[in-house]
Amino acid sequence: MLTLRNEIPADYARVYEINRLAFDGSDAEPQLVDAIRRSPGAISLVADEDGRVVGHILLSPITIETEGGSLPAMSLAPMAVHPDFQKRGIGSALVRAGLDACREQGHAIVIVLGHIHYYPRFGFSAGLAQGLKCPFGDCGEAWMALELVPGALAGVTGNVIYPKAFESV
């Protein structure tokens, strides 16, 4: 049975391994998780199947710097499912739970740099992110935004600012 819950310290080693395996053996993503999971406002959830953590999602606060000031937003990054458990809807369940948690906390905007054929199913759109400068270079169609509050990005243009931890990825 699959349960989605908040990550606890006992999950950290397993979450590290899941992120490493899901991202082709690289330590960059799990190190990113380690660096930002305890940031104020971060949402870190795991998918637990029969007592074994099989997936993880992290959403963390970011800022959109506009001419009129700063606008808060959340970043969805990273999301990973252990390779042995992929293609079973676990990632989708994590994304939906993460977005629900953002809504419950009153967030209006979520940004993702992700797969162009995956994230649009949740409402993410490259069109909504057009006025937002990606800090990682030319991100193309993989740079997407989601309005949790309709109209939250209407007329918004600016630079998206991520925490320093993202610079190492």
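Placing +1 at every Lys and Arg Cβ and -1 at every Asp and Glu Cβ, with all other atoms neutral, what dipole size does the range 2-168 have around its Cα centre, in debye to the nearest 20?
Values: 13 positive and 19 negative charges, 48 e Å.
Result for the range 2-168 is approximately 220 debye, rounded to the nearest 20.
What does the extension gain come out to for ILE161 and GLN31, with contour length at 0.36 nm per residue minus their alpha carbon separation? Intermediate results must be reported in sequence, preceding the final value.
Working: separation 130, 0.36 × 130 = 46.80 nm, distance 1.92 nm.
The ILE161-GLN31 span can extend by a further 44.9 nm.
Taking the Cα centroid of the range 97-119 and of the range 128-161, what is the distance between the two, rounded to the nearest whole Å?
12
Quick one: the Cα spread of the chain along its three principal axes, in angstroms, biggest first?
Taking the Cα atoms of the chain, the three principal extents are 48, 30, 29 Å.
If you stretched the chain out fully between SER39 and ARG5, how much longer would it get, using 0.36 nm times the residue separation minus the C-alpha to C-alpha distance? Write down the numbers at each step before the final one.
Details: separation 34, 0.36 × 34 = 12.24 nm, distance 1.79 nm.
This chain segment gains 10.5 nm when fully extended.
No other cysteine beta carbon under 4.7 Å away is the test; run it over the chain and list who passes.
CYS102
Specify the angular offset, from 0 to 90 degrees and rounded to the nearest 10, of the alpha carbon long axis of helix 90-104 from the longest principal axis of the alpha carbons in the chain.
50
Along the charge dipole of the chain, Cβ charges K/R +1 and D/E -1, which of LEU21, ALA165, HIS56 sits furthest on the positive end?
My answer, from the dipole projection, is HIS56.
No lab work stands behind these numbers, since they all come straight from the coordinates. No experiment lies behind these values; they were computed from the predicted model shown. Cβ atoms come from the backbone with ideal geometry, glycine included; neighbour counts cover every protein chain shown.
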